[in-house]
């Protein structure tokens with residue numbers, strides 16, 4: 001059973017999703033037999049140590065209030081990712097403290113509200129693309145454009161085309177320590193990307209792909225002895 | 001001095017370039033003080049062993065006559081790339097024998113004549129992008145679209161946007177053995193991409209980047225002795 | 001159910017494995033509930049189209065008779081990998097026609113019989129390393145040493161240390177088309193690496209990781225129309 | 001002219017290098033006609049804004065006093081790397097604030113004083129390996145062993161073999177923003193790795209490779225307009 005926690009900033013309206021993005025995504029994942037899903041928010045359902053310590057895969061959606069997330073929480077999440085927890089960072093989470101801390105760059109990009117996006121799969125052998133259509137059209141989404149200030153991804157799975165003339169690395173992975181990370185660009189609060197059935201397949205696949213492979217109890221930097229006599 | 005050889009199939013009209021693509025590219029590179037440039041074609045100026053053995057960086061443009069290129073020549077080029085020669089594969093060279101042999105895949109893609117392309121740089125730290133504008137607009141170019149059947153590139157430098165709704169990994173690198181490879185998508189024979197000043201900067205940078213780092217005389221698979229007594 | 005076929009050259013003695021390496025590996029995998037395992041050899045149980053077409057994951061062990069493998073069979077395997085079949089290349093398969101065709105390089109290395117090897121995991125988040133010890137000691141194995149003429153792997157999972165003073169990229173992956181490839185260095189016919197329980201875990205994990213994600217019926221290079229009116 | 005600054009913690013004895021590691025490395029680079037070299041230390045020659053702003057490539061050697069480096073300085077270095085400055089992190093700098101901030105992981109490893117190391121080049125086409133012997137023996141060096149908690153490098157150039165039975169990814173690169181980073185494992189203060197002529201070639205090559213390609217004035221995350229009418 002994969003223990004999923006969906007963290008949503010939830011400090012401003014998310015008009016496309018009644019009950020908030022966390023509530024909506026929970027309803028999408030609740031039907032999966034191998035997942036048990038909880039939620040947390042910045043102000044109304046704060047993340048607790050107990051919840052974090054029982055999380056296998058953490059979703060992160062934030063936008064306007066990244067600076068309010070306590071550094072101490074960011075440190076705990078960072079430690080847990082390096083020890084094996086999966087992390088799925090959505091949309092405007094590219095500027096979250098935890099994403100920037102894990103990738104090491106600014107996460108900057110160019111942006112514009114209101115564009116048509118088409119996602120193209122460029123890595124059909126990746127488990128996150130399993131059973132998903134080769135391209136997906138999103139009638140309205142916030143445009144995020146290159147240059148996207150990120151390290152070259154370990155896997156570039158989706159490239160986004162926008163009718164505004166821009167492109168974006170929209171579905172990408174990183175390995176950090178024992179943990180796996182998936183960043184996915186769609187998900188503006190005024191649009192409805194997460195209601196797209198193909199997007200939902202991607203999200204479900206991402207949960208299974210980021211689920212821990214080899215969780216460890218603590219990081220260490222041991223002084224060792226020679227193995228050769 | 002970098003010894004450049006530009007190979008062009010040259011079996012059909014190349015209306016955008018009087019004297020052929022090889023002749024035009026030679027004129028672009030001839031003004032560079034650190035390059036000496038020669039040309040070869042499939043039928044009229046066949047590649048000789050002597051010329052190949054004195055080539056540091058080989059350009060390859062082919063389209064309709066890939067199958068006419070002798071397998072023996074492909075083997076020689078393959079061997080020389082693994083020993084350190086640089087290779088720059090242009091446009092429809094994605095289906096050339098030598099490109100497919102070096103990358104290991106089919107090189108398939110989707111295509112459509114006549115689109116507007118905009119190249120976006122996604123790796124500004126790469127020497128091939130040095131001094132080049134962050135994006136380049138090509139008013140008319142043959143559209144090549146994903147899925148592009150290639151291994152994930154070692155460096156993804158340019159992503160192409162097309163007004164037909166497609167995207168493409170348009171500027172990519174591979175390391176094979178001691179050699180470096182750059183594939184660049186623009187360059188249809190009816191358009192004029194190589195006359196674009198920013199494209200010319202990319203091509204010149206690519207020559208310098210693919211130039212041999214550590215050329216070796218022969219490949220080998222030696223039976224060795226223990227280094228530890 | 002994952003349909004596994006183990007191909008073994010089997011043209012010379014394999015003293016460490018009664019019944020041959022294919023027979024031994026079959027016995028290891030036969031106990032897995034999600035796998036059904038068949039075998040093929042160069043001369044006595046030739047690979048048929050029917051068997052290949054019903055294979056999800058193909059093992060390849062060859063050593064002295066790579067040149068006897070028909071080019072036509074290599075083409076068929078290559079096509080099937082690009083369409084999604086998994087491939088696990090073992091030990092001296094680094095010089096097999098299919099491995100060289102898929103990676104694009106010579107597969108050369110340095111070698112020496114009879115060394116102690118220790119495998120170190122450098123990518124603990126990879127599914128192939130799931131549940132496997134961080135390092136594995138093999139008392140006797142054929143030394144394969146760098147430089148190993150391969151493209152930089154998509155994932156470097158295991159690095160081998162040898163008491164002869166050498167190192168090797170011993171467990172590596174590639175994505176080619178829709179297919180996934182795992183190369184694993186241990187497996188000399190006079191030693192007993194495949195009897196090591198940790199090695200067996202790696203092999204079982206590799207079957208599941210290379211199993212097809214998105215199998216397709218045929219490769220194609222379509223002429224498409226604009227998606228934007 | 002490449003403006004090099006060598007930062008050395010210099011809070012404890014560095015017995016192998018009279019005048020400190022910074023002084024010794026300066027003497028190695030001072031003879032290069034395309035480099036002008038300055039130094040800085042934690043306490044006696046503090047890094048100033050003026051010096052940092054005129055640095056193209058920054059060396060970083062630290063060991064016991066990482067925590068004394070001001071966070072404000074780390075932020076400034078981070079910003080400058082993302083804008084294009086090269087960074088060469090040496091040996092125990094794996095635990096420096098700036099290295100951890102750029103790579104996103106803990107930088108943990110296993111370690112043991114006093115071992116013999118042999119560096120093997122696994123990427124002979126990389127400019128950092130230009131003209132360098134395929135393997136380099138260091139009679140005495142501090143052992144750093146896997147697992148090394150780092151992201152998979154963009155280029156794995158050197159793998160270290162140790163007579164203690166360990167291996168290490170000893171020469172690796174990362175791209176972050178517009179900047180290039182090289183981490184190199186040898187360089188314990190009681191040994192003399194930097195006096196090895198082949199190591200000196202690597203260091204000189206690394207300066208040229210990490211030198212800025214496209215330096216920018218400021219990071220930004222612009223709100224843009226449609227490029228398509």
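Just so it is clear, none of the values below were taken in a lab; they were calculated from the coordinates. Note that this is a predicted model, so its numbers are computed, not measured. Note: ideal-geometry Cβ built from the backbone for every residue, glycine included; neighbour counts use all protein chains shown.
What is the gain in length, in nm to one decimal, between residue A:228 and residue A:79 on full extension, counting 0.36 nm per residue of separation less the C-alpha to C-alpha distance?
Full-extension gain reported as 50.4 nm.
Principal axis extents for the stretch A:135-228, Cα atoms only, whole Å, descending order, please.
61, 27, 22
How do B:65, D:96 line up, fewest other C-beta atoms within 10 Å first?
B:65, D:96
For chain B, give me the percentage of DSSP beta bridges that are antiparallel, rounded to the nearest 5 percent.
Counting only bridges with both partners in chain B, antiparallel ones make up about 55 percent.
Using alpha-carbon pairs under 8 Å, 6+ residues apart, how would you state the relative contact order of the stretch C:1-121 in percent?
Normalised by residue count, the contact order of the stretch C:1-121 is 25 percent.
When you have a sec, figure out the Kirkwood radius of the stretch C:1-81 from all distinct Cα pair distances and drop it here in Å to one decimal?
13.1 Å is the Kirkwood radius here.
Per-residue ellipticity at 222 nm for chain D, helices alone: DSSP H runs ≥ 4 residues times -39500 (n - 2.57), over residue total, nearest 500 deg cm²/dmol? Don't skip to the answer; put the middle values down first.
Numbers: 5 runs with 48 residues, N = 229.
Value at 222 nm, helices only, nearest 500: -6000 deg cm²/dmol.
So what is the diffusion coefficient of the stretch A:137-192 in µm² per second by Stokes-Einstein at 25 °C and 0.890 mPa s, using a Kirkwood Rh over Cα pairs?
Taking Rh from Cα pairs, D becomes 200 µm²/s.
Percent of Cα-Cα pairs more than 26 Å apart in the stretch A:5-135, please.
Result: 27 percent of Cα pairs exceed 26 Å.
Take the alpha carbon atoms of the stretch A:182-208, find their center, do the same for the stretch D:146-162, and report the distance between the two centers in whole angstrom.
Taking the Cα centre of the stretch D:146-162 as reference, the centre of the stretch A:182-208 is 34 Å away.
Provide an ascending nm list, one decimal, of label-point separations from residue C:70 to the equivalent residue in each further copy; define each label point as 7 Å from Cα along Cα→Cβ.
Inter-copy label distances (nm, one decimal, shortest first): 2.9, 7.0, 7.5.
Using only the alpha-carbon atoms of the protein assembly as shown as identical scatterers, what base-10 log of I(q)/I(0) does the Debye formula give at q = 0.05, 0.11 Å⁻¹?
Once normalised to I(0) and log-transformed, intensities are -0.27, -1.52.
Give the distance, in whole Å, between the Cα centre of the stretch A:107-145 and the Cα centre of the stretch A:1-23.
Centre-to-centre (Cα) distance: 20 Å.
Report the label-to-label distance for residue A:67 and residue B:64 in nanometres (one decimal), using points 7 Å from each Cα along the Cα→Cβ vector.
Taking the two extended label points, one gets 6.3 nm.
For the Cα atoms of chain A, what angle does the longest principal axis make with the long axis of helix A:197-210, in degrees from 0 to 90, nearest 10?
Taking the Cα atoms of chain A, the angle to A:197-210 is about 10 degrees.
Which of A:1, B:143, B:215 has the fewest other C-beta atoms within 10 Å, and how do the rest follow up to the most?
On the way: A:1 9, B:143 25, B:215 14.
The most exposed by this proxy come first: A:1, B:215, B:143.
Can you list, shortest first in nanometers, how far residue B:198 lies from the same residue in the other copies, with each label 7 Å from Cα toward Cβ?
2.9, 4.4, 5.2
Using 0.36 nm per residue of separation minus the Cα-Cα distance, give me the extension gain between residue B:38 and residue B:13 in nm, one decimal.
Details: separation 25, 0.36 × 25 = 9.00 nm, distance 2.06 nm.
Taking residue B:38 through residue B:13 to full extension adds about 6.9 nm, to one decimal.
Express the relative contact order of chain A as a whole percentage, based on alpha carbon pairs under 8 Å and six or more residues apart in sequence.
Dividing the mean separation by the residue count of chain A yields 21 percent.
Sorted from fewest to most neighbouring beta carbons within 10 Å, what does the list D:79, A:149 look like?
Neighbour counts put them in this order, fewest first: D:79, A:149.
For the stretch D:59-170, state the semi-axes of the equivalent ellipsoid (square roots of 5 times the eigenvalues of the alpha-carbon gyration tensor), sorted largest first and rounded to whole angstrom.
25, 18, 12
Which percent of the Cα-Cα distances in chain A go past 34 Å?
Values: 2846 of 26106 pairs.
So the pairs more than 34 Å apart make up 11 percent of the total in chain A.
Just for the protein assembly as shown, what percent of DSSP beta bridges are antiparallel, to the closest 5?
Antiparallel: roughly 55 percent of the beta bridges in the protein assembly as shown.
Relative to the longest principal axis of the C-alpha atoms of chain D, give the angle of the C-alpha long axis of helix D:20-29, reported between 0 and 90° and rounded to the nearest 10°.
With rounding to tens, the tilt is 70 degrees.
Between 0 and 90 degrees, rounded to the nearest ten: what's the tilt of helix A:71-83 against the longest Cα principal axis of chain A?
70
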